[in-house]
Amino acid sequence: DAGVTQSPTHLIKTRGQHVTLRCSPISGHKSVSWYQQVLGQGPQFIFQYYEKEERGRGNFPDRFSARQFPNYSSELNVNALLLGDSALYLCASSTDRGTEAFFGQGTRLTVV
Amino acid sequence: KQEVTQIPAALSVPEGENLVLNCSFTDSAIYNLQWFRQDPGKGLTSLLLIQSSQREQTSGRLNASLDKSSGRSTLYIAASQPGDSATYLCAVAPYNNNDMRFGAGTRLTVKP
C-alpha cells in the first residue's frame, strides 16, 4: 500500500515567485496536515484539512494557503516567496483528526 | 502555548548500549504523543503513538512511556545498533487535532 506521496521532491525558486506543493494521502485517510521544517529545528504546523475543510492554521502569513480536493489530496501554495521560506515542507495524513500521523518524504524548497 | 523540549540535543553511544531519550511538554492537556525518526534530508517515520489515557507503548526494541501529569515522555531503545542512527523527534497533539507541536529532536549516533 502506498504511503504519503509528495511532489516535487526538490524545487528551486526565485524570490517573489509562487510555488505549489502537492500531497497524496494514504488511501482512506481524510485528514491532511502541512508542516515546515527549517534546518536544525522540529517541524512547524502550517495547516490541517479534514474532509476538505480547513480545521487548523498555524502562525504563518497569508502568503501561505492550502486546499484539499474531493479525493483528499492537497496542495500548499506559497506566494511572493522569501529567502526565509527555504525549508523542507512535509505533508502528513491520518484517518481522522488526532489519530496516528504518517508523513511523506517532503519537498525541499530552496528560494534564491 | 505548548512548548516541547528534547534532551539531550545529541547523543553518541557504542553499539549494544541501552539508551533513553527524553521529551518534556509544558501543557498536560494533550490528546496523544507520537515519537518519530528522521534520517537526514528525509521525511518522518512514525515509531510509536501513545494516547493520553495510556502509560506506555512498545514496538520491538522500542518502548515509549508517558507521564502526562508531569509533562514527560521517554523513548527507550534497547541494544542499540548503527542503523538506529537518526534524529528522534517527539510531538504532542492537542485534543482531537493534528496540530502537533514538535521538539527540536535528539540526534543519535550509534558507533559500531
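The numbers here are math on the coordinates, done by the rules we state, and not lab data. Since the model is a prediction, treat every value here as computed from it, not as a measurement. So basically every Cβ, Gly included, is an ideal-geometry build from the backbone, and we count neighbours across all protein chains shown.
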Debye calc, one equal point scatterer per Cα of chain B, no solvent, log10 I(q)/I(0) at q = 0.12, 0.20 1/Å comes to -0.37, -1.02
Per residue of A:35-45, other chain Cβ atoms within 10 Å number on average 5
Semi-axes in Å, largest first, for the range B:32-87 (Cα gyration tensor, √(5λ)) are 21, 13, 9
Those chymotrypsin sites (Phe, Trp or Tyr not before Pro) from the range B:1-71 that are DSSP loop and have at most 14 other Cβ neighbours within 10 Å turn out to be none
Partner lysines whose C-alpha sits under 30 Å from that of B:LYS1, ignoring same-chain residues fewer than 8 away, are A:LYS30, A:LYS52, B:LYS42, B:LYS68
Computed on Cα atoms, Rg of chain A relative to 2.2 N^0.38 Å comes out at 0.99
The base-10 log of I(q)/I(0) that the Debye equation returns for the protein assembly as shown at q = 0.18 Å⁻¹, one scatterer per C-alpha, is -1.31
Rounded to the nearest Å, the spacing of the alpha-carbon centers of the range B:29-62 and the range A:85-107 is 14 Å
Rounded to a whole number, the mean other protein chain Cβ count within 10 angstrom for residues of A:92-100 is 5
The ³J(HN,Hα) series, computed from each phi in the range B:15-28 with the Karplus coefficients 6.51, -1.76 and 1.60 at θ = phi - 60°, rounded to the nearest Hz and given as x for glycine or proline, is 3, x, 6, 8, 9, 10, 10, 10, 9, 10, 9, 8, 10, 7
Along the dipole axis of the range A:5-74 (charges at Cβ: +1 for Lys and Arg, -1 for Asp and Glu; origin at the Cα centre), the most positive-end residue among A:SER74, A:THR20, A:GLY56 is A:THR20
Treating only Lys and Arg (+1) and Asp and Glu (-1) as charged, each at its beta carbon, one finds that chain B has a dipole about its Cα centre, in Debye to the nearest 20, of 80 debye
Karplus-derived 3J(HN,Hα) from phi for the range A:77-91 (6.51 cos²θ - 1.76 cosθ + 1.60, θ = phi - 60°), whole Hz, x at Gly and Pro, runs 10, 10, 9, 6, 4, 10, 4, x, 7, 4, 5, 8, 9, 10, 10
